[in-house]
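See structure below.
The values are calculated or read from the model by the stated rules, or taken from the named source; none is laboratory data. Everything numeric here is computed off the predicted structure, so don't read it as measured data. Ideal geometry is used to build each Cβ from the backbone, glycine not excepted, and the neighbour counts take in all protein chains shown.
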Amino acid sequence: MSRTNFDTLLEAGCHFGHLKRKWNPAMAPYIFMEKNGIHIIDLHKTVVKIDEAAEALKNIAKSGRKILFVATKKQAKPVVAEKATSINMPYVIERWPGGMLTNFATIRKAVKKMANIDKLTADGTYANLSKREALQISRQRAKLEKNLGSVADLTRLPAALFVVDVLKEQIAVREANRLGIPVFGIVDTNSNPDNVDFVIPANDDASKSIEVILDACCEAIAEGIEERKAERVDAEAAEEKAEKGGRKSARVEDEEPAEEAEEAEEAPAAE
């Protein structure tokens with residue numbers, strides 16, 4: 001069963017593309033028709049692509065790896081922040097920090113610096129600083145929080161990138177391509193789908209359109225996380241059962257020599 005349907009996508013306005021003169025010819029396979037100078041996206045293909053992307057995202061989440069959501073356009077920021085937070089995944093909604101992936105070690109240093117400021121503030125190290133110095137540190141902390149706070153828990157490179165508007169986030173896409181990280185993207189008619197591994201052809205300008213697609217994908221990710229938890233519980237239960245079985249068999253082995261010794265003592269007496 002599909003995670004979404006034609007009518008839901010149509011109601012959300014996922015079918016609206018860009019003006020014909022702004023189109024990217026590589027998107028031709030996903031365009032249904034042109035109406036009033038605007039390209040209309042084939043939503044039947046969008047439904048199929050959402051299902052493909054959702055299944056792949058579910059498998060990544062099930063493996064325990066992280067998916068980084070990227071959306072710096074105004075109408076996508078609140079939606080992406082809400083959905084990514086609900087499934088405990090990292091996201092970038094402010095300016096993309098150049099080298100976020102290709103120079104990940106430097107980004108981690110900046111995150112550690114933010115954590116170090118918090119630690120020194122908590123233990124009173126900064127208590128004797130002048131107002132000017134304290135203000136400078138607080139401003140630095142606020143800047144780091146704004147740009148990197150949402151990726152503070154990302155201790156290693158993400159397993160995948162989910163991008164809203166691959167044209168606007170082309171730097172992020174290029175970095176992921178260079179490192180071989182799979183890219184999932186909402187691709188409008190003005191964008192190039194060639195650099196995206198899982199293309200979701202849809203309107204990337206309407207918040208409702210973005211929300212409907214993210215709902216389906218995040219639901220799949222949540223399922224993957226729950227399945228991973230269930231498998232872990234089953235594995236722990238099986239391990240505990242095996243340990244109990246091992247202890248029981250050990251007790252039986254210990255009892256058998258004692259019984260044999262008793263029989264040996266009784267045998268001469270019987271003679």
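Couple of notes before you dig in:
- The range 9-46: number of residues that are of a type in the set (S, T, N, Q), at pLDDT 95 or above and over 9 Å from ALA202 (Cα atoms): 0
A quick yes/no check of all residues on (1) surrounded by 10 or more Cβ atoms within 10 Å (Cβ to Cβ); (2) in contact with a Ser or Thr (Cβ under 6 Å, 6 or more places away or on another chain); (3) at pLDDT 90 or above; (4) on the phi < 0 side of the Ramachandran plot:
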{"residue": "ASP205", "(1), (2), (3), (4)": "yes, no, yes, yes"}
{"residue": "ILE221", "(1), (2), (3), (4)": "yes, no, yes, yes"}
{"residue": "ARG232", "(1), (2), (3), (4)": "yes, no, no, yes"}
{"residue": "ASP254", "(1), (2), (3), (4)": "no, no, no, yes"}
{"residue": "GLU266", "(1), (2), (3), (4)": "no, no, no, yes"}
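- Test: residue in the range 34-54 that is touching a strand residue (DSSP E or B) at 6+ places or on another chain (Cβ under 7 Å), among the polar types (S, T, N, Q) and buried (at least 16 other Cβ atoms within 10 Å of the Cβ): yes
- Considering THR85, THR72, the condition of being surrounded by fewer than 14 Cβ atoms within 10 Å (Cβ to Cβ), in contact with a strand residue (DSSP E or B) (Cβ under 8 Å, 6 or more places away or on another chain) and within 19 Å of ALA160 (Cα to Cα) is satisfied by THR85 alone.
- Some residue of the range 123-139 being surrounded by 13 or more Cβ atoms within 10 Å (Cβ to Cβ), over 23 Å from VAL163 (Cβ atoms) and modelled with pLDDT of 85 or more: yes
- The listed residue being at negative phi and free of Cβ contacts under 8 Å to residues at least 24 places away in the same chain, out of VAL151, VAL183, VAL164: VAL183
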